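Derivation of every value follows stated rules applied to the coordinates shown; laboratory data play no part. Values in this document were obtained by computation on a predicted structure and should not be read as measured data. Neighbour counts run over all protein chains shown; Cβ positions are idealised from the backbone, glycine included.
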Amino acid sequence: MYFDSHAHFDDEKYNENRDSLIREMNENGVDYIINIGADMKSSQNSIELAKKYDFIYATIGVHPHEVEKMTEEDIKALEEMAKYEKVVGIGEIGLDFYYDFSQRDKQRYWFERQLELAKKLDMPVSIHSREATMECFEIIKNSGVRKGVIHAFSGSVEIAREYIKMGFYIGVGGVLTFKNAKKLVDVVKDISIDNILLETDSPYLAPVPVRGSVNNSQNLKYIADKISEIKQISAEKVCEITTKNAKCLFF
């Protein structure tokens with residue numbers, strides 16, 4: 001029983017086979033998927049997927065790449081979207097100082113505003129943090145939000161520990177299987193399995209041995225197997241505990 005805590009099945013890469021692929025999930029051991037909003041349109045699309053499939057849930061939010069033209073009306077619209085019962089979080093929100101597709105001041109401002117919304121609604125957050133580790137951490141710390149997941153975690157063991165102390169889970173995906181993943185391997189080795197969520201970031205970041213393909217939630221097995229190897233527990237146990245963790249956060 002796998003729980004994919006971060007996927008984007010509304011992405012155009014699935015336009016030709018979305019329905020057939022999603023309908024395969026249950027028979028291949030995927031019992032839950034959180035489809036993540038990345039802008040206003042994809043947030044609404046995530047809700048539509050959640051309406052169509054009983055095992056898909058949605059988060060809503062605006063990714064740092066997309067905040068350049070965000071407005072207060074969008075915050076109001078997100079709050080309205082959050083009323084739907086299968087919306088289970090605010091995200092993907094955060095900072096991305098690697099690509100800088102949006103001005104950094106705007107990234108900071110709209111990150112803080114969306115954290116305020118999450119706190120107001122008492123909802124968990126899905127956090128994107130790239131090349132902005134400490135600033136992202138400080139903004140979250142100051143926001144008072146104390147539940148969520150750090151998606152595609154790329155920080156140090158030390159910052160992982162601090163996030164966990166603050167009430168957050170660490171999102172682990174296909175990067176863990178890459179040859180250059182020593183830093184993430186060290187994090188997974190150090191922290192408790194009770195603090196880890198499985199994720200694919202589908203259609204991105206497909207794990208070895210399918211790296212380079214269009215990713216999907218059925219590939220969670222490769223990530224679970226790698227965690228099993230690192231933690232020296234069965235893959236079934238990895239699956240059981242990470243599913244329990246995700247249910248605790250989102251449901």
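Might you check whether a residue that is in a strand (DSSP E or B) and hydrophobic (A, V, I, L, M, F, W, C) occurs anywhere in the stretch 98-117? Give the derivation first.
We begin by selecting, within the stretch 98-117, every residue in a strand (DSSP E or B); these are none.
Within the stretch 98-117 (the criterion being in a strand (DSSP E or B) and hydrophobic (A, V, I, L, M, F, W, C)), the answer is no, since none of the residues qualifies.
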Item to check | Filtered residue count, the stretch 165-201, keeping only those that are in contact with a Ser or Thr (Cβ under 6 Å, 6 or more places away or on another chain) and of a type in the set (S, T, N, Q) | outcome: 1
Checklist entry - When only residues in the stretch 218-238 that are touching a Gly at 6+ places or on another chain (Cβ under 8 Å) and surrounded by fewer than 22 Cβ atoms within 10 Å (Cβ to Cβ) count, which is nearest to ASP201 (Cα to Cα)? => result GLN218
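Do you know which of the residues in the stretch 165-207 that are charged (D, E, K, R) and in contact (Cβ under 8 Å) with a residue 40 or more places away in the chain is farthest from GLN218 (Cα to Cα)?
Pass one, the stretch 165-207, residues charged (D, E, K, R): 165, 179, 182-183, 186, 189-190, 194, 199, 201.
Next cut, in contact (Cβ under 8 Å) with a residue 40 or more places away in the chain only: 189, 194, 199, 201.
Details: LYS189: 24, ASP194: 22, GLU199: 11, ASP201: 12 Å.
Restricting to residues being charged (D, E, K, R) and in contact (Cβ under 8 Å) with a residue 40 or more places away in the chain, the top hit is LYS189.
Those residues that are polar (S, T, N, Q) and in contact with a strand residue (DSSP E or B) (Cβ under 9 Å, 6 or more places away or on another chain), I need them from the stretch 218-244; list them, please.
Taking the stretch 218-244 first, the residues polar (S, T, N, Q) are 218-219, 228, 232, 234, 242-243.
GLN218, ASN219, THR242, THR243 - these are the residues of the stretch 218-244 that are polar (S, T, N, Q) and in contact with a strand residue (DSSP E or B) (Cβ under 9 Å, 6 or more places away or on another chain).
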Checklist outcome for this item: Taking the stretch 199-217 and keeping residues in contact with a strand residue (DSSP E or B) (Cβ under 7 Å, 6 or more places away or on another chain) and either among the hydroxyl-bearing types (Ser, Thr, Tyr) or surrounded by fewer than 17 Cβ atoms within 10 Å (Cβ to Cβ) (or both) leaves THR200, SER202, SER217
Checklist entry - Looking only at residues in the stretch 9-60 that are of a type in the set (Ser, Thr, Tyr) and outside any helix (DSSP H, G or I), which one is surrounded by the fewest Cβ atoms within 10 Å (Cβ to Cβ)? => result TYR53
